[in-house]
Amino acid sequence: MSTGVNEDPAATFLQVAAWDPAAKVFNYYMRISPMWVWAGNSWSALTPGSRGHGCFDSHINGSVVMKELKAPWSNWQSQAAKIRLDPDDPFRFDPLYQQVIGAENLELTVRALISRWTAARLAAVTQDGTVEHPEQLMRHLFTTTAVNLASTATQSATITPSSGDLLLPPSFWLNSDALLSDLELPVTAAIPPMAPAAHYVESLATFDFSLEEKSSGFSQPGDTFFAFVVPEPACEDNDVVRQMVEQGLITAKFAACAFMVDFTNPVFSPEREQLMNHVPTTPTAVTELQEHIAQAILEAATSLPPSSPERRFAADWVLADDTWPKAFAQRIDDYLGHIGQRTREPAGFDDYVRLAESRRRDFKAMRLNEFELTLPTTNIPKSAPRLRMNHDGTVAPTS
């Protein structure tokens, strides 16, 4: 259930998603007072005519959504932070509020529901041995269909220059959930790299961080409640990839080669997205799907420069099955070593602040960006070029 809080419960926004165990989909309903209207089901999110419209502008893949899915669950009641209401706030006595439980419990439910829909979806689209729309599956690997929001576990108001080192979100540097947890690459470097708190505090002034809500006129200097909120790869994207590997639609090596094409940019990667050009858009046999895509990429690579995504994928694809995990892990270790050095330099940390803001701007263009206070504002111009992370830990404009 998703709703708002105002003085008239009968008129406020209200949506419900309900799992149908027979059809194995989520049904979506919206109250258009005084009636309830069925808005579609999970398959509607994937259908071109309804994809991105109505409730599927944020439930883009037909599943449930909890943007701040991991600890410390920014903006949620949790074991990390409690909702604070004014003593005379009437909501304090609302029966629903008095039954509030923590987001640490909701996270488990949401993850299970995402996996439930993914499993049902994959079973349905592969049941006759043919995938009708391969592009609808492979976009979870090659593109950013959605994001979650991650942050440090530290409340920004408590950070001082003498606070020591700050743990930035691991998913800011790479898709740690997919590469390290799901694919189990044998990375040995420390995750995540540490950054001096003094650099963070200085950046708040340098970039004029504030929270702004134009609709109410609210303004407050500083960062969000938990420091350094950034977009990270969506659980729903990673879950589709993980289950495709588990079910043999693609191999772990194929998934890893795709991620490693631009692993330093885990979200909003134009280079990884370019590989979608080689995904068939017509029915393809399940047993031929991976080989069809790999061969198309390899053929294209022969006439492209070494820096192209296709050439990078091709170079990794020919690695022996017993060597690619260590080769990829070494590449990540080297990269994290560079990051570890640059986070300790004021100029390096400032570059990462700019990179974080670039990715926030991409998120703000999505319909998932529902509330103005979800992310901070800065003095970085909206016209500033989009940025990307390089393998040596430097930041540069996206070409």
Please list, in order along the stretch 146-156, the HN-Hα scalar couplings obtained from phi with the Karplus expression 6.51 cos²θ - 1.76 cosθ + 1.60 (θ = phi - 60°), rounded to whole Hz, x for Gly and Pro.
7, 9, 10, 10, 10, 7, 5, 8, 9, 5, 4
For the stretch 296-347 versus the stretch 355-387, the gap between their alpha-carbon centres in whole angstrom
28 Å
Could you give the distance between the Cα centres of the stretch 28-68 and the stretch 106-157, to the whole Å?
16 Å
Would you work out what percent of the accessible area of the stretch 241-399, with all protein chains in place, is carbon or sulfur (probe 1.4 Å)?
53 percent
Chymotrypsin sites (Phe, Trp or Tyr not before Pro) within the stretch 1-90, DSSP loop, no more than 13 other Cβ atoms inside 10 Å
Phe13
How much net charge surrounds Asp182 when only the other residues with a Cβ under 10 Å from the Cβ of Asp182 are counted, with Lys and Arg +1 and Asp and Glu -1?
-3
I'd like to know which of Gln79, Ile32, Gly217 lies farthest towards the positive end of the charge dipole of the chain, counting +1 on Cβ of Lys and Arg and -1 on Cβ of Asp and Glu.
Ile32
Please list the non-local residues whose amide H lies under 5 Å from the amide H of Gly40, H modeled 1.01 Å from N, same-chain partners needing a gap of 5 or more.
Tyr28
Say each of Thr282 and Thr206 gets a label point 7 Å from the Cα, pointing the same way as Cα to Cβ; how far apart are those two points in nm?
5.4 nm
Decide, for the chain, between rounded, prolate and oblate: order the square roots of the alpha carbon gyration tensor eigenvalues as a ≥ b ≥ c, take rounded if a/c falls under 1.5, and otherwise choose prolate if a/b is larger than b/c, else oblate.
oblate
With a ≥ b ≥ c taken as the square roots of the eigenvalues of the C-alpha gyration tensor of the stretch 181-254, please select rounded if a/c is under 1.5 and otherwise prolate if a/b is larger than b/c or oblate if it is not?
oblate
Count neighbours as other Cβ atoms within 10 Å of each site's Cβ, and list the trypsin sites (Lys or Arg not before Pro) in the stretch 1-104 that are DSSP loop with at most 10 such neighbours.
Lys82, Arg84
Once the other residues with Cβ under 14 Å from the Cβ of Pro283 are scored (Lys, Arg +1; Asp, Glu -1), what is the net sum?
-4
The chain: DSSP helices with Cα axial extent of at least 24 Å and average Kyte-Doolittle hydropathy no lower than -1.0:
103-126, 324-342
Under 5 Å between amide hydrogens, which residues at least 5 positions from Ala146 or on another chain qualify, with H placed 1.01 Å from N in the peptide plane?
Ala234
Using a Förster distance of 41 Å, the FRET efficiency for Asn27-Ser219 (Cβ separation, nearest 0.05)
0.50
Is the C-alpha gyration tensor of the stretch 112-169 telling us rounded, prolate or oblate? Criteria: a/c under 1.5 is rounded; beyond that, a/b larger than b/c is prolate, otherwise oblate.
prolate
Residue-normalised value, i.e. accessible area per residue, for the chain at 1.4 Å probe, in Å², stands at 47 Å²
First select every other residue whose beta carbon is under 14 angstrom from the beta carbon of Ser308; then total the charges, Lys and Arg +1, Asp and Glu -1.
-3
Based on the Kirkwood radius over alpha-carbon pairs, what value in µm²/s does the Stokes-Einstein equation return for the translational diffusion coefficient of the stretch 1-79 at 20 °C and 1.002 mPa s?
154 µm²/s
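The values are calculated or read from the model by the stated rules, or taken from the named source; none is laboratory data. Computed from a predicted model, the values in this text were never measured in an experiment. Neighbour counts run over all protein chains shown; Cβ positions are idealised from the backbone, glycine included. Each accessible area value is taken on the protein alone, full model and side chains, heavy atoms only, with ligands, DNA and RNA left out. Shrake-Rupley method; radii C 1.70, N 1.55, O 1.52, S 1.80 Å.
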